[in-house]
Amino acid sequence: MKTFHTNQLPGRTVLTREEGKYLWFSGTDYLGMGHNETFRSFLIEGFDKQGLHFGSSRNNTLRLAIYDETELELAEWIGSEAALLTSSGMWAGQCVMKIIESIIHTSAAYQRIQYHYAPKAHPALWGNEHAFTSGLWSEWANGVVRKINEAPENIAHIICTDAIGSPVIEAFDFSIFANLSDKRNVWIVLDESHTLGINGASANGLYQSIAMLEKMHVVMVSSLNKALGIPGGVIACDAQTAELIRHSAWFAGASPSAPAYIYALKTLLETNHYQKQSALLAENVAYFSKLLKSSDIFQSVAGHPVFCSEGSALFETLLSNGIMASCFSYPSANDAPVTRIAISTLHQKEDLNRLAEVCNKL
């Protein structure tokens with residue numbers, strides 16, 4: 001696929017160096033934070049109050065309070081006992097996967113630990129015994145429940161899965177795990193990078209709904225650099241697990257995100273700004289969905305801002321009509337390309353009308 005370049009941050013539109021201006025329906029800035037004036041004002045405040053950079057371990061003798069304060073806000077919003085900030089979503093996942101086995105062994109002695117990797121689990125969750133699986137997520141999940149329930153009780157289990165399918169969008173029904181036996185020691189490591197800020201009653205993701213099943217220890221990891229617009233990541237879990245992660249070499253040895261962004265994150269959470277932006281996004285998604293004569297050309301999930309089509313045909317059609325989506329192989333160069341349309345809060349009705357007009361001609 002052809003690659004385009006731009007010298008300007010895309011919003012509703014993108015100006016490319018090669019071929020001029022397009023309507024922009026791509027990326028992961030679902031809540032439009034890249035152009036959000038409220039976010040900009042809080043970030044400027046953060047630079048004034050917290051500075052440009054904090055070069056230190058989070059476990060150093062001197063600690064910057066804004067990180068701990070924001071983690072408390074994040075935990076309250078997500079609905080977890082604790083939350084930890086990391087420098088990226090990828091590192092949030094990998095930090096957990098580096099030490100998940102030692103965390104499990106602190107609670108009891110198990111003969112061995114068995115991993116269950118979901119189809120197309122994000123590389124952030126790849127750890128020991130990682131194996132690629134294929135097929136439908138629901139079939140995989142039902143198979144995992146069966147295997148765990150039939151396994152000896154002295155085996156601990158780690159389930160690794162995204163919260164929603166990506167890059168090809170697919171809804172996952174986590175209620176399947178309600179069928180797990182109460183006597184099993186099961187941990188789920190959940191990547192919410194594409195649901196945090198979008199799903200949930202307060203745009204706070206799926207952590208609470210999965211924890212309420214009371215069948216698994218839930219460790220949620222997520223990028224904050226997608227819907228929330230913060231260059232960083234988060235781990236949400238119970239307080240004991242958070243303390244074990246906090247005092248690990250993997251957490252202590254990593255530098256934190258810039259404190260000004262963490263200040264902005266805290267203020268955005270305190271003012272419920274993400275929830276307000278998520279409501280605007282839901283309006284845009286509902287408006288576009290209503291305009292479509294048929295959704296058969298897409299793989300989509302009701303209420304979610306991403307619409308996918310395997311291959312490049314849809315991408316080329318959109319491009320020839322002045323609309324740029326994305327189409328590239330992900331996560332590896334050997335994967336088949338996927339055309340991916342992403343709606344954001346920045347889009348106006350005229351943009352959505354034009355997108356629907358082109359799609360309805362297909």
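Laboratory data are not the source of any read-out in this text; all were calculated from the coordinates shown. All figures in this text were calculated on a predicted structure; none of them were measured in a lab. Glycine gets a Cβ as well: all are built from the backbone with ideal geometry, and neighbour counts include every protein chain shown.
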key: Relative contact order %, the chain, counting alpha carbon pairs below 8 Å whose residues are six or more apart   = 25
query = Which length gain, in nm to one decimal place, applies between ASN179 and ALA282 when the Cα-Cα distance is subtracted from 0.36 nm times their residue separation?
reply = 33.9 nm
message = Let me check against my output: what whole-number percent is the relative contact order of the stretch 71-154, with C-alpha pairs under 8 Å and at least 6 apart?
response = 25
ask   = For labels at LEU72 and LEU292 in the simple 7 Å Cα→Cβ model, what's the distance in nm?
value = 4.4
ask   = Computed FRET efficiency, Cβ-Cβ of GLU357 and ARG112, R0 51 Å: what is it to the nearest 0.05?
value = 0.35
ask   = Given +1 on the Cβ of Lys and Arg, -1 on the Cβ of Asp and Glu, and no further charges, what dipole in debye does the stretch 156-238 carry about its Cα centre, rounded to the nearest 20?
value = 100
remark   = Counting only DSSP beta bridges with both partners in the chain, the antiparallel fraction in percent, to the nearest 5, comes to 55
remark   = Heads up, the stretch 267-362 by the C-alpha gyration tensor (a ≥ b ≥ c square roots of eigenvalues; a/c under 1.5 rounded, else a/b over b/c prolate, else oblate) looks oblate
Stretch gain in nm, segment MET212-SER102, where the contour uses 0.36 nm per residue and the Cα spacing is subtracted = 37.1 nm
key: Theoretical FRET efficiency, 1/(1+(r/R0)^6), r = Cβ-Cβ of SER202 and SER255, R0 22 Å, to 0.05   = 0.15
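With N residues in the stretch 207-343, what two-decimal value do you get for its Cα radius of gyration over 2.2 N^0.38 Å?
1.35
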message = If R₀ is 41 angstrom, what is the calculated FRET efficiency for the pair LEU15 and PHE132, using the beta carbon separation as r and rounding to 0.05?
response = 0.60
query = Counting only the backbone N, which residues of the stretch 174-196 are under 16 Å from the spot 7 Å out from the Cα of GLU81 toward its beta-carbon?
reply = 186-188
